[in-house]
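**Q** There's a structure below that I have some questions on.
FYI, it's all coordinate maths here, none of it is from the lab. Computed from a predicted structure; not experimentally measured. A quick note on method: Cβ atoms are made from the backbone with ideal geometry, for glycine too, and the neighbour counts reach across all protein chains shown.
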Amino acid sequence: MKIILNGIFKENPMFVLVLGLCPALAITTKFESAYLMGLCLLIILMFSNVVIAIIKRIVPDAVRIPVYILIISTFVTIIEIILKTYIPALSDILGIYLPLITVNCIVLGRAMAVASKESIKTSLLDAIGIGLGYTFALMIIAFFREALGAGTITFMDATSSLTGYKAIYELPTTNILPISILTNPAGAYIALAFFVALFSKFKGGKKHESH
Amino acid sequence: MSPISIFVTSVLAQNIILTKFLGICPFIGASNKEKNAFHMGLSVMLVITLSSIITYVIYHFVLVPTNTTYLRTTMFVLVIASMVQLMELFLKKYLPGIHKTMGLYLPLIATNCAVLGVTLLNINNDFNFLQMLAFSVGSSLGYLLIIYIFATIRERLETSDISKSFDGIPIALLTAAIMSLVFVRYL
């Protein structure tokens, strides 16, 4: 439990470690695609961490990175094929950002820092924590970007072929909302900058209390 | 689209850093020094151009005929990683001067998402060979341009007075946001 919470708050991959930004900025224009991307990363991270923790003794140090990348890309390919068959709309939205998980700093970083050293159980828990932390971070960014930038919150749209119904909420428009810049790439950078700053402020404050 | 217009749009209006967010980990993390950023950008340019050509050939002459296009992610990652390794060996042996300046960044580039991203975009956009070449050279030139400008801005930022919670990464992200507004016409 402690390891999971550590991944969500203290070592949140997005706001504290600031890793894996490429997909985070690109697909957070819609709430739905954000949490689904987070889930994809969570699943891939869990499988790759467990497999790497199992085989860590057999792999020689010299070929560590290529072997890990191969393992990760295998799971990425599996997820890619599953999405393409069952939720083609989603695989269109995620586009190249799904295969790019292969070279995502978070997955490879976790493999090097945790899975290649710790036990299988610790690696699995760490993967769950980091994956959830990443998913929450994506959800928060996407929530603000979509709600303020487009005036909607999409809970279920691309996956409606699977679940059978759509859930898109529309917020009332006022004279300041929606701020359309937030849905642009520049808005992605602005939103992330404010969240990282907020997190570092929040963390700094917490440290003072504990002293 | 003609190769020339692809080239121009991929350098400026559809810059891979500012609009597609590819390769921003080193962009945010490492580009503090003007000179380092320039060398890093040059090596990225070399790797992107070479690996685009190789992966394009492999995709169209090996994966498509054998009906195994689902393997492209694995294949491309392998090609990029081994090519970076080969390039390092080659530079070390024959061009030690260049190896000294670029060698440091080459291993990092193997896991740079700009490289994999551009090779995948080449395939997704159904480019022919010339368009592919224009797109790869254009995108990597755009990468070099932005990372260089950004490094010079950050050198100035280091000496300026910034609120504590915004110091470091947040202010870098805000700078990127403003650059994105300048380079890509939105409003």
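**Q** For a test of the definition: using alpha carbon positions, the gyration tensor, and the 1.5 limit on a/c, classify region B:15-127 as rounded, prolate or oblate.
**A** Oblate, since a/c reaches 1.5 and b/c is not below a/b.
**Q** Okay, moving on. So how far apart, in nm, are the two label points at B:L108 and A:T85 if each is 7 Å from Cα heading toward Cβ?
**A** 4.1
**Q** Mind putting together the pair-distance distribution for chain A? All Cα pairs, 10 Å bins, whole percent per bin, short to long.
**A** Reading upward from the zero bin: 8, 31, 33, 20, 6, 1, 0.
**Q** So which helices of chain B fit the span-like rule, where a helix is a whole DSSP H run, its Cα atoms reach 30 Å or more along the axis, and its mean Kyte-Doolittle is at least -1.0?
**A** The answer, listed by residue number, is B:34-58, B:72-94, B:129-159.
**Q** Kirkwood-based Rg over Rh for region A:82-129 (C-alpha set), two decimals?
**A** Rg divided by Rh gives 1.14.
**Q** Here's something else I'd like to know. Do me a favour and compute the ellipsoid semi-axes for region A:1-126 from its Cα gyration tensor, root of five times each eigenvalue, largest one first, whole Å.
**A** The three semi-axes for region A:1-126 are 24, 18, 12 Å.
**Q** What chymotrypsin sites (Phe, Trp or Tyr not before Pro) in region A:161-202 are in a loop by DSSP, with at most 13 other Cβ atoms within 10 Å of the Cβ?
**A** Here the chymotrypsin sites (Phe, Trp or Tyr not before Pro) that fit, given the DSSP loop and packing criteria, are A:Y165.
**Q** Something else about it: What does the charge dipole of region A:63-211 about its Cα centre add up to, to the nearest 20 debye, if the Cβ of each Lys and Arg holds +1 and the Cβ of each Asp and Glu holds -1?
**A** It comes to approximately 520 debye.
**Q** A follow-up question, please. Pop a pseudo-label 7 angstrom from the Cα along the beta-carbon direction at both B:V184 and B:Y70 and give the gap in nm to one decimal.
**A** Inter-label distance under the simple model: 3.2 nm.
**Q** When only C-alpha pairs under 8 Å and at least 6 residues apart count, what is the relative contact order of chain A, in percent?
**A** After rounding, I find 32 percent.
**Q** Could you check how many percent of all C-alpha pairs in the protein assembly as shown are farther apart than 27 Å?
**A** Counting pairs separated by more than 27 Å, the tail of P(r) holds 52 percent.
**Q** Sticking with this structure for a sec: What nm value, rounded to one decimal, do you get for the distance between A:V59 and A:L162 when each label is placed 7 Å out toward the C-beta?
**A** 2.8
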